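The values are calculated or read from the model by the stated rules, or taken from the named source; none is laboratory data. This structure is a prediction, so every number in the text was calculated from the model and none was measured. FYI the Cβ positions are ideal-geometry reconstructions off the backbone, even for glycines, and counts take in every protein chain you see. When the accessible area is computed, the model is the full protein with side chains, heavy atoms only, and any ligands, DNA or RNA have been set aside. Shrake-Rupley method; radii C 1.70, N 1.55, O 1.52, S 1.80 Å.
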Amino acid sequence: MKVLLIAESRDGKLLGSAAELSHFAQTLNADSAMLLVGSESALPAYGGTLYLADAALAGEFNPAVHKQLILEVVAKEQPQLIVLPHSSYGWDLAPRLAVALNAAQISEVVEVKDGALVVPTCNAKLRRTIKPTTEISVVTLQAGAFTPSAEPSGTPNVVKLDAAPNGDIQFHGYEAAEATAVDLSKAEIIVSAGRGIGKPENLAMIEALAKALGGEFGASRPVVDAEWTEHSRQVGTTGQTVSPKLYVACGISGAIQHLAGMKKSEFVLAINTDKDAPIGEVADVLAVADLKQLVPILTEKLSR
Amino acid sequence: MKLLVCIKQVPDMESKFKVNSEGLWYDSADLAWRMNEYDEYAVEQAVQLKEQLGDCDLTVLCIGSERVKETMKKALAMGCDRGVHIADDDSHRKDPFAIASLIANFAKDKGFDLIFTGLQSQDRGSAQVGVMVAELLGLPCLTTLVEFAFENGTVHGKRELEGGTKGKVSCATPALVTCQLGLNTPRYPTLPNIMKAKKKELLSIPAADLSPADSRTQTLSMAPPEKKGGGLILEGEPAELAEQLLQILKEKTTVLA
């Protein structure tokens, strides 16, 4: 089998997903080639052929041009599988390729099982095993699902691609994340609130527990989206990545985007009414309880 | 302007899910249904654009069984002008490409200036349908928007990237945009608007009339993820639990020293 891996670069830097793509190809025991719209000064550690288009010419974010470049290489390499990271870049580009190639698309693959692909469904509460019915297919990989155990090595054999900027979307550059008022990445103790707190007034009890433990309070995405607290408190893929000594997850079900931001915590205590909540996968202790009852008692006992 | 917003009805994600008798999808019995969260942002943004421009006709489209009409009524109560229900009891068996083909076949001769969809659904989570509809219709597509503005026929948006960075983008209409969580604050329908919504047009079209494409994927099985050991699970009275938890934190962590 032959696979074409689509690496991603942002702001002139190669993203770490490139290593996961090549590890995925190894998992399949497949021949691979890689394509990158990036820069010669930021090449992946990869031992195969790398088709490289200069982001300064092609545009770092320009789906129509990237699609065209990939289609050219697909015609040359004839892969059965085109693999992208399941990121804001990958999930934007993959369906464009699938339509252009009359290919099946399978999103957010977490595992390969007997030649079929496993994907999460319903907030990772269920998993489906899927097979494409087309000769060529496009897949995206969940971040972190195919992390290689060792640092990748190798020097790519670079084949340059010409690209001219055109396309129907204009890209006007990046806007940096807001300066964070709270740096959770250095906190030793974090108590985080999830959707399970029910209403904004209950954030006070999370804050009180954080204070009683001598830590900071954080929040999952739904709490921030509902504007119950500010974005600088958000833990997860689009917020902060944290690694405290103690992480207390209150009413957080454990969406992959949240887990990615906190799974390096040394000790995780989860408080949740659902003992099957995915947060249980990373929790050292899961207390099955209503946080609105348990959290104030914990705070009170700590404050004595 | 002619606007279209595509929505999906999904189960509440806090539900306990069971696999159905076929073993290929979740059992739809005993679930509470609601509008896909991403689509609430799409509906809100479409309604806000209508309020901004005044002279707009906003259609909400939803694919599924009779049951999805309840969710469509919410979208109508939020401010959509008319509903198109693509009646399909089998929609859960269609893959994202087959679903996208239904929407594209409906929209292709309607002259929509702007189409809104959610970034993805909460149940299937493929993030494919919106982009595929745009590609099938030959429209530019801005995805993952957390900011949206419309001026002189051009859509300006900010895409949410990983780590809190945003990418600034724009494109001319006609176009399609996919909406990320946090794009706006979806409104709650008011009682008068809920009453008004009952009188709005809600047209049903059988899916077969729109010649859906075949699915390109086959689901072999569905199951809950295998538990990877996980940690200790504690149940009991809150006061006793709290005592146990503090004991564990004292023994297993250094933070209570």
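Interface burial in the stretch A:153-182 reaches 10 Å² or more for A:168, A:169, A:170, A:171, A:172, A:173, A:174, A:175, A:177, A:178, comparing the full protein assembly with the chain by itself; accessible area from heavy atoms with a 1.4 Å probe. Assuming a ≥ b ≥ c are the square roots of the Cα gyration tensor eigenvalues, decide whether the stretch B:2-210 counts as rounded (a/c under 1.5), prolate (otherwise, with a/b larger than b/c) or oblate. Rounded, because the longest to shortest axis ratio a/c is under 1.5.
Between the Cα long axis of helix A:90-100 and the first principal axis of chain A there is an angle of about 40°, rounded to the nearest 10. Principal-axis analysis of the Cα atoms of chain A puts helix A:63-77 at an angle of about 50° to the longest axis.
Toward the positive end of the charge dipole of the stretch A:34-167, with +1 on the Cβ of Lys and Arg and -1 on the Cβ of Asp and Glu, the farthest Cα among A:105, A:57, A:123 is that of A:123. The alpha-carbon of residue B:200 sits under 15 angstrom from the alpha-carbons of these aspartates and glutamates, leaving out residues fewer than 8 places away in its chain: B:57, B:70, B:81. Cα-based values for the stretch A:178-291, radius of gyration first and Dmax second, are 12.2, 36 Å.
Among the GluC sites (Glu not before Pro) found in the stretch A:73-144, those both in a DSSP coil and sparsely packed, with 15 or fewer other Cβ atoms within 10 Å of their Cβ, are A:135.
Taking every C-alpha pair closer than 8 Å and separated by at least 6 residues, the mean separation divided by the residue count of chain B gives a relative contact order of 23 percent. Computed on the stretch A:180-236, with alpha-carbon pairs under 8 angstrom and 6+ residues apart, the relative contact order is 39 percent.
The A-B contact accounts for roughly 6900 square angstrom of buried accessible surface, both chains included, probe 1.4 angstrom. Shielding by partners for peptide A:58-66, expressed as the average number of C-beta atoms from other protein chains within 10 Å of each residue's C-beta, is 2.
In the stretch A:116-136, the residues that give up 50 Å² or more of accessible area when the other protein chains are added, compared with the chain on its own (1.4 Å probe), are A:122, A:125, A:126, A:127, A:128, A:129, A:131, A:133. The HN-Hα couplings worked out from phi for the stretch B:196-208 by the Karplus form 6.51 cos²θ - 1.76 cosθ + 1.60 (θ = phi - 60°) are 4, 4, 5, 8, 6, 5, 9, 8, 9, 10, x, 4, 4 Hz, whole numbers, x standing for Gly and Pro.
So for the stretch B:85-169, averaging the separation of alpha carbon pairs under 8 Å that are six or more residues apart and normalising by length, what relative contact order in percent results? Show your work: numbers first, answer last.
Values: 76 pairs, mean separation 16.0, N = 85.
This gives 19 percent for the stretch B:85-169.
Take a quick pass over the stretch A:184-303 and tell me how many lysine pairs come in under 21 angstrom between Cα atoms, counting only ones 8 or more apart or on separate chains. Summing the qualifying lysine pairs gives 15.
In summary, the lysines within cross-link reach of residue A:13, defined as a Cα separation below 19 angstrom excluding same-chain residues under 8 places away, comprise A:160, B:166, B:168.
For the stretch A:184-303, the per residue solvent-accessible surface stands at 37 Å², with DNA, RNA and ligands left out and a 1.4 Å probe.
When a 1.4 Å probe is rolled over the protein heavy atoms, the share of accessible surface on the stretch A:148-304 that falls to carbon and sulfur comes to 49 percent.
Hey, got the dipole for chain B? About the Cα centre, +1 on K and R Cβ, -1 on D and E Cβ, debye to the nearest 20? List each step's numbers first, then the result.
Values: 30 positive and 36 negative charges, 98 e Å.
The calculated dipole for chain B is roughly 460 debye.
Taking the protein heavy atoms of the stretch B:77-186 in the context of the full set of protein chains, the accessible area attributed to carbon and sulfur is 45 percent at 1.4 Å.
How well do other chains shield peptide B:8-18, expressed as the mean number of their Cβ atoms within 10 Å of each residue Cβ?
Values: counts 0, 0, 1, 1, 0, 6, 8, 4, 3, 6, 1.
That works out to 3 on average.
Loop-only check: which trypsin sites (Lys or Arg not before Pro) in the stretch A:194-261 are DSSP coil with at most 15 other Cβ within 10 angstrom? The partial results should precede the final answer.
Numbers: sites: A:195, A:211, A:233, A:245; in loops: A:245.
The qualifying sites are A:245.
With a 1.4 Å probe and every protein chain left in place, work out the accessible area per residue of the stretch B:2-210 in Å², rounded to a whole number. Intermediate values should be presented prior to the final figure.
Details: 7960 Å² over 209 residues.
Accessible area per residue, the stretch B:2-210: 38 Å².
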